[in-house]
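The values are calculated or read from the model by the stated rules, or taken from the named source; none is laboratory data. What you are looking at is a predicted structure, and each value in this text was computed from that prediction instead of being measured. Reconstructed Cβ throughout: ideal geometry from the backbone, glycine too, with neighbour counts over all protein chains shown.
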Amino acid sequence: MIDIQLIRENSREVIERLKVRNMDAAGLVERVAEADSERRQMQKQLDDTLAESKVLARRIGELFKSGKGQEAEGLKQESGRLKQQAKVLQERLDVVAGELNELMTRLPNIPHPSVPAGNTEADNEIVREEGKAEAAPPEALPHWELCKKLDIIDFEAGTKITGAGFPVYKGKGARLQRALIAFFLDEADKAGYTEIQPPLMVNADSAYGTGQLPDKDGQMYHVQSDDLYLIPTSEVPVTNLFRDTILKEDELPVKYTAYSVCFRREAGSYGKDVRGLNRLHQFDKVEIVQVTHPEKSYQALKEMVDHVAVLLKKLELPFRVARLCGGDLGFAAALTFDLEVWSGAQGRWLEVSSVSNFETYQSHRLKLRYRSSEGRNLHAHTLNGSALALPRILAALLENNQDKGGVIIPEVLRPYTGFDRI
RNA sequence: GGAGAGGUGGCCGAGUGGUCGAAGGCGCACGCCUGGAAAGCGUGUAUCCGUCACAAGCGGAUCAAGGGUUCGAAUCCCUUUCUCUCCGCCA
């Protein structure tokens with residue numbers, strides 16, 4: 001959530017800047033401001049009442065000790081009254097604080113000044129394009145057909161044993177996927193990211209910490225018997241490593257990378273856009289995460305985008321980088337760059353990475369802070385990005401590198417695959 | 001899954017109803033000492049909320065979490081949760 005201080009100090013600007021998201025936040029911001037001041041009043045009343053009863057309790061104790069039990073008995077009544085009052089105030093405070101919190105979670109992050117206005121992905125600003133996005137020769141197959149022909153991914157088998165969106169990778173297909181994962185992790189390692197293998201299920205607190213709950217309830221698979229959620233991305237467990245943490249300033253930046261399987265329900269999408277590997281319920285992804293000093297986060301964002309871009313270049317895939325417009329920007333992000341690879345056979349761009357700076361939005365929820373050199377505890381900035389999501393990379397790689405006999409493996413992957421073509 | 005023992009500050013560890021946010025130690029920071037360092041000595045060292053200038057000061061909360069008993073709880077009771085030990089099961 002955003003810093004409530006921003007609303008106390010300059011609610012007008014908050015409203016103004018949220019307009020970039022096509023959001024009219026005026027009403028919500030006003031209600032936050034009201035709830036905030038009410039909460040503070042309530043807090044004051046409660047504190048005063050407790051202070052009073054504390055003094056009283058001490059006096060009663062003294063009276064008992066000095067044998068003035070009679071006098072003490074009289075004060076007990078007063079004490080009981082204060083206790084009752086404190087209880088009522090506490091309950092009201094809890095209600096107000098709960099309301100305030102609920103309202104705050106409904107406010108998205110404030111977009112960075114560079115975020116362009118716009119509604120849909122069509123309004124995103126392409127900031128970079130590399131490689132040639134050429135139409136594939138007419139005989140080129142989309143990956144789902146290619147996979148069938150080469151017998152490397154079996155979609156029907158996955159549907160049989162689980163359901164749609166759970167492909168079965170097979171033979172060189174499985175090996176290629178594993179090669180990509182290893183390649184991505186090695187590259188992240190070289191770039192200074194520490195590898196993490198996180199749990200694939202998280203509890204509700206963690207899901208809340210990164211904003212999957214309550215905003216995206218229903219996106220995640222929920223294991224009811226144990227009240228756990230299958231992670232939609234390793235961002236969730238990895239970022240939650242920092243929940244309720246105060247880092248030392250010199251520990252920043254923290255750079256973590258994690259490979260994990262990801263699970264998404266993605267309810268209600270069908271058709272061409274989700275065929276084959278384009279959109280799955282279960283997929284693999286390597287994620288990079290950074291926790292930085294507030295002044296260094298945009299430098300880190302650039303570094304992360306560049307890292308992903310280098311991966312794509314090494315894989316020899318044509319790609320472009322888009323700065324997301326206000327309407328396309330995720331709830332928690334201040335600025336996001338999407339990286340998309342060109343899929344010749346499908347004739348379209350596939351999103352393979354999304355790199356975001358959340359500034360302090362996540363760290364407020366997570367209570368992630370660092371101790372500044374002046375000894376103050378300040379919220380750190382968090383960033384994350386895919387580096388990379390496997391299925392679409394696999395799709396683009398297969399489609400773009402196909403020739404008559406099969407598929408050519410890019411040079412960088414050969415040490416990992418052990419073969420140079422499929 | 002069964003039985004038992006426990007969860008106190010960055011760590012270890014006192015503390016079984018009163019002035020305890022909490023002794024002591026370690027660690028850490030700063031200072032003294034030193035040519036420099038170690039040792040030694042000294043000082044300081046949790047988080048959040050409110051008031052307020054996001055200062056000082058003051059008030060409140062927090063000893064796993066939640067609830068209860070009591071004038072008063074880290075200390076007593078209940079529930080939950082986690083850890084450890086033993087047994088069972090098991091990749």
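For the reader, a short list of remarks on this structure follows.
- Residue within the stretch A:67-77 that is surrounded by 11 or more Cβ atoms within 10 Å (Cβ to Cβ), in contact (Cβ under 8 Å) with a residue 12 or more places away in the chain and not aliphatic (A, V, I, L, M) present: yes
- Close pairs from the stretch A:33-57: first of a type in the set (Gly, Ala, Ser), partner more than 6 Å from RNA strand B (Cβ to nearest atom), Cβ under 7 Å, at least 6 apart: A:Ala33/A:Ile7; A:Ala33/A:Ser11; A:Ala35/A:Val96; A:Ala35/A:Glu99; A:Ala35/A:Leu100; A:Ala35/A:Leu103; A:Ser53/A:Leu82; A:Ser53/A:Ala86
- Selection of the stretch A:296-341 for residues being among the acidic types (Asp, Glu) and over 20 Å from A:Asp189 (Cβ atoms) yields A:Glu316, A:Asp328, A:Asp338, A:Glu340.
- The test for being at positive phi and within 23 Å of the chain's Cα centre (by Cα) holds for A:Gly192.
- All of (1) crowded, with 16+ Cβ neighbours inside 10 Å; (2) under 13 Å from A:Val32 (Cβ atoms) hold for A:Pro111 with one exception: (2).
- Selection status of A:Glu78, acidic (Asp, Glu) and within 25 Å of A:Ser37 (Cβ to Cβ): no
Residue by residue, here is whether (1) over 28 Å from A:Arg369 (Cβ atoms); (2) touching a residue at least 40 places away in the same chain (Cβ under 8 Å); (3) in a loop (DSSP other than H, G, I, E, B) holds:
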position: A:Ala157; (1), (2), (3): yes, no, no
position: A:Gly163; (1), (2), (3): yes, yes, yes
position: A:Phe166; (1), (2), (3): yes, yes, yes
position: A:Ala174; (1), (2), (3): yes, no, no
position: A:Ala182; (1), (2), (3): yes, yes, no
position: A:Leu185; (1), (2), (3): yes, yes, no
position: A:Tyr229; (1), (2), (3): no, no, no
position: A:Pro232; (1), (2), (3): no, no, yes
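- Only one of the numbered conditions (1) under 23 Å from A:Arg243 (Cα atoms); (2) more than 16 Å from RNA strand B (Cβ to nearest atom); (3) not charged (D, E, K, R) is violated by A:Ser343, and that is (1).
- Which numbered condition A:Glu130 fails, given (1) touching a Lys or Arg at 6+ places or on another chain (Cβ under 9 Å); (2) buried (at least 18 other Cβ atoms within 10 Å of the Cβ): (2)
- Every residue from the stretch A:114-127 that is surrounded by 14 or more Cβ atoms within 10 Å (Cβ to Cβ) and assigned to a loop (DSSP other than H, G, I, E, B): A:Val115, A:Pro116, A:Gly118, A:Asn124
- Unique match (being of a type outside the set (A, V, I, L, M) and modelled with pLDDT under 85) among A:Tyr256, A:Tyr208: A:Tyr208
- Answer residue from the stretch A:310-349, given it is in a strand (DSSP E or B) and of a type in the set (Val, Ile, Thr) and is nearest to A:Ala389 (Cα to Cα) among those: A:Val341
- Enumeration of residues in the stretch A:141-153 that are under 17 Å from A:Ile393 (Cα atoms) and either in contact (Cβ under 8 Å) with a residue 12 or more places away in the chain or in contact with a Lys or Arg (Cβ under 8 Å, 6 or more places away or on another chain) (or both): A:Leu141, A:Pro142, A:His143, A:Trp144, A:Leu146, A:Cys147, A:Ile152, A:Ile153
- Counting only strands (runs of 3 or more DSSP E) that sit completely within the stretch A:350-417, those holding 2 or more residues that are within 16 Å of RNA strand B (Cβ to nearest atom) and in contact with a Phe, Trp or Tyr (Cβ under 9 Å, 6 or more places away or on another chain) correspond to A:377-379.
- Of the listed requirements (1) surrounded by fewer than 18 Cβ atoms within 10 Å (Cβ to Cβ); (2) closer than 28 Å to A:Tyr416 by Cβ, A:Phe183 misses just one: (1).
- Selection from the stretch A:139-157 of residues that are at pLDDT 90 or above, surrounded by 19 or more Cβ atoms within 10 Å (Cβ to Cβ) and farther than 16 Å from A:Ala345 by Cβ: none
- Scan the stretch A:148-187 for residues that are out of contact with any Phe, Trp or Tyr (no Cβ under 8 Å at 6 or more places or on another chain) and β-branched (Val, Ile, Thr) and the total you get is 2.
- Of all residue pairs spaced 6 or more apart or on separate chains, those with beta-carbon atoms under 9 Å, a first member in the stretch A:111-136 that is under 10 Å from A:Gly327 (Cα atoms) and a second member that is exposed (fewer than 14 other Cβ atoms within 10 Å of the Cβ) are A:Ala117/A:Asn22; A:Gly118/A:Asn22; A:Asn119/A:Asn22; A:Asp123/A:Ala117.
- When the criteria are applied in full, A:Tyr229 meets the requirement of being buried (at least 21 other Cβ atoms within 10 Å of the Cβ) and modelled with pLDDT of 85 or more.
- Qualifying positions in the stretch A:187-207 - crowded, with 20+ Cβ neighbours inside 10 Å, in contact (Cβ under 8 Å) with a residue 60 or more places away in the chain and of a type outside the set (A, V, I, L, M, F, W, C): A:Glu187, A:Tyr193, A:Pro198
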